[in-house]
Amino acid sequence: MRILVIDVGGTHVKALVSGAGTRREFESGPKLTAAQMVDGVKAITKDWKYDAVSIGYPGPVVHNHPFAEPHNLGKGWVGFNFQRAFGRPVKIMNDAAMQALGSYKKGKMLFLGLGTGLGSALVADGIVEPMELAHLPYKKATFEDYAGLRALKKRGKKKWRRDVARIVEHLTAALEPDEVAIGGGNAKKLKKLPPLSRVVDNSNAFLGGFRLWKQEDSAPEPSRFEARSRKT
């Protein structure tokens with residue numbers, strides 16, 4: 001089975017089909033709607049053949065559907081019929097959870113995505129638990145207000161790095177993971193990694209999308225991995 005994996009981000013939408021060597025992408029942004037995303041993906045993948053679709057969505061997902069509109073994109077995501085739009089079976093997962101699934105090795109792993117916002121997920125014994133830590137209160141605002149892209153631009157690299165290190169320290173103390181996987185486009189801007197941390201490649205999101213369908217030729221030990229739906 002050929003799987004098309006779509007990673008929806010605040011600045012770009014990226015796509016990769018199993019068997020292809022190179023991903024394709026187009027710009028997203030604060031006005032991108034769900035329908036525009038589908039049209040854009042179809043435009044850049046018109047010569048690709050696939051049987052099913054995995055979507056990494058930048059927001060909470062409940063029962064395979066977006067539960068809330070994304071903070072950094074346009075409207076129209078909640079209630080959108082992605083399966084009808086693509087004409088194929090679709091699995092939707094929080095984008096941080098999808099990258100966490102692709103980055104997971106063993107034990108209990110906390111994933112933090114340093115991108116436009118702050119993505120987060122926890123994986124324990126192969127079970128993925130999407131988390132919405134970004135908007136929890138921290139100092140005078142939220143975790144995302146200190147670790148997201150806006151904070152990096154406003155406060156500068158030095159203060160941003162210090163805040164990221166402190167946030168990782170707080171979350172590690174609270175959740176007690178065996179390791180912390182740090183991904184996202186800004187992970188490479190960290191000079192010194194916090195304890196127990198490793199930087200993971202953004203391409204792991206695609207591996208997570210393949211693992212979501214338990215595709216044997218794309219993921220080791222695929223039967224160990226499953227995604228747990230968030231409770232309403």
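Any residue in region 191-207 that is in a helix (DSSP H, G or I) and open to solvent by 90 Å² or more (accessible area, probe 1.4 Å)? Taking every residue of region 191-207 in turn, none turns out to be in a helix (DSSP H, G or I) and open to solvent by 90 Å² or more (accessible area, probe 1.4 Å).
For region 122-176, the candidate set comprises residues that are touching a strand residue (DSSP E or B) at 6+ places or on another chain (Cβ under 9 Å) and acidic (Asp, Glu); within that set, the residue that is surrounded by the most Cβ atoms within 10 Å (Cβ to Cβ) is Glu144. Applying the set (1) at pLDDT below 95; (2) surrounded by fewer than 19 Cβ atoms within 10 Å (Cβ to Cβ); (3) within 19 Å of the chain's Cα centre (by Cα) to Gly184 leaves exactly one unmet item: (2). Out of the residues in region 5-26 that are touching an Asp or Glu at 6+ places or on another chain (Cβ under 8 Å) and among the polar types (S, T, N, Q), which is most open to solvent (accessible area, probe 1.4 Å)? For region 5-26, the residue satisfying everything is Thr11.
In region 99-121, is there at least one residue being of a type outside the set (Ser, Thr, Tyr), open to solvent by 30 Å² or more (accessible area, probe 1.4 Å) and in contact with a Phe, Trp or Tyr (Cβ under 8 Å, 6 or more places away or on another chain)? No.
Do we find that Gly29 is open to solvent by 40 Å² or more (accessible area, probe 1.4 Å), of a type outside the set (Phe, Trp, Tyr), part of a loop (DSSP other than H, G, I, E, B) and on the phi > 0 side of the Ramachandran plot in this structure? Break it down into steps so the answer makes sense when it comes.
Numbers: open to solvent by 40 Å² or more (accessible area, probe 1.4 Å): no; of a type outside the set (Phe, Trp, Tyr): yes; part of a loop (DSSP other than H, G, I, E, B): yes; on the phi > 0 side of the Ramachandran plot: yes.
Taking the combined requirement at face value, the residue does not satisfy it.
Helices (runs of 4 or more DSSP H) fully within region 50-149 that include at least 2 residues being hydrophobic (A, V, I, L, M, F, W, C) and touching a residue at least 40 places away in the same chain (Cβ under 8 Å): 82-86, 95-103.
The values are calculated or read from the model by the stated rules, or taken from the named source; none is laboratory data. Every value quoted in this text rests on a predicted model; they were computed, and no experiment measured them. Cβ: placed from backbone, ideal geometry, glycine included. Neighbour counts: every protein chain shown. The protein model used for the area step is the full one, side chains on, heavy atoms only, and it has no ligands, DNA or RNA in it. Shrake-Rupley method; radii C 1.70, N 1.55, O 1.52, S 1.80 Å.
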